[in-house]
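S.K.: Supplied in structure tokens, the structure appears directly below.
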Amino acid sequence: FGLNRPYITLQCGGGVWVEGKKDVRQWPVENYEKLCALLKKKYPQYRIVQLGGARQPAIRGVDDDLRGKTDFEELKILLQTAEMHIQQDGGMVYLRHYLTDKPSCVLFGPNDAAFLGYDNNVNIRNSDCPACSGLGAEWMKQCLRGGAEPLCMRAITPEIVMARIEDKLC
């Protein structure tokens, strides 16, 4: 893919849709776009690469959009060799953990970071909102505290993510 300098991978969305809506674990694409701009400003030595399925939202500002353009073996190599991988709690985080000791930055909403997070990762969650996954039949469809967006994911800002990953990147 011509990635001739160190890179950071992002994935926006895990591909889970419930009755035509994104599930509550999704971090807004606008946050990924702002994070991408912050990363490029502070760490211009890194390329920003988007991974995932072709149906997942595009992140404006990435250097390389590889959504839907990799097979599974290529995806494993990209995850293994990235300096950092950033996404909400999802499958690529777990795959990467078994491929490399390099950290991922994982954005936890309703899922419990203390239970699902790995020690070598930067696990971020809003401490004001308890983990609610599995509590009731509707937990993947709507925030159990109400509101159009899940409060736990809205509270994680791109600035918080940047502050938490700074010591992992040079």
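S.K.: Give me, ordered by chain and number, the residues 5 or more places off Cys105 or on other chains with an amide H under 5 Å from its own placed amide H.
M.R.: Those qualifying (amide H under 5 Å, at least 5 residues apart or on another chain) are His85, Ile86, Gln87, Val122.
S.K.: Longer than 18 Å from Cα to Cα, which of Lys40/Lys168; Lys69/Lys168; Lys41/Lys102 are they? Say none if no pair is.
M.R.: Over 18 Å apart, Cα to Cα: Lys69/Lys168; Lys41/Lys102.
S.K.: Summing -39500 (n - 2.57) over the DSSP H runs of n ≥ 4 in the chain and dividing by its residue number, what mean residue ellipticity at 222 nm do you reach, to the nearest 500 deg cm²/dmol?
M.R.: The per-residue figure over the chain is -8000 deg cm²/dmol.
S.K.: Calculate the FRET efficiency for Lys41 and Phe72 from the Cβ-Cβ distance with a Förster distance of 30 Å, rounded to the nearest 0.05.
M.R.: The pair Lys41/Phe72 has a calculated efficiency of 0.35.
S.K.: Within a Cβ distance under 14 Å of Pro103, other residues only, what is the Lys/Arg minus Asp/Glu net charge?
M.R.: -1
Rule-based calculations on the coordinates, nothing more; no lab input. What you are looking at is a predicted structure, and each value in this text was computed from that prediction instead of being measured. As a convention, Cβ positions derive from the backbone with ideal geometry for all residues, glycine included, and neighbour counts pool all protein chains shown.
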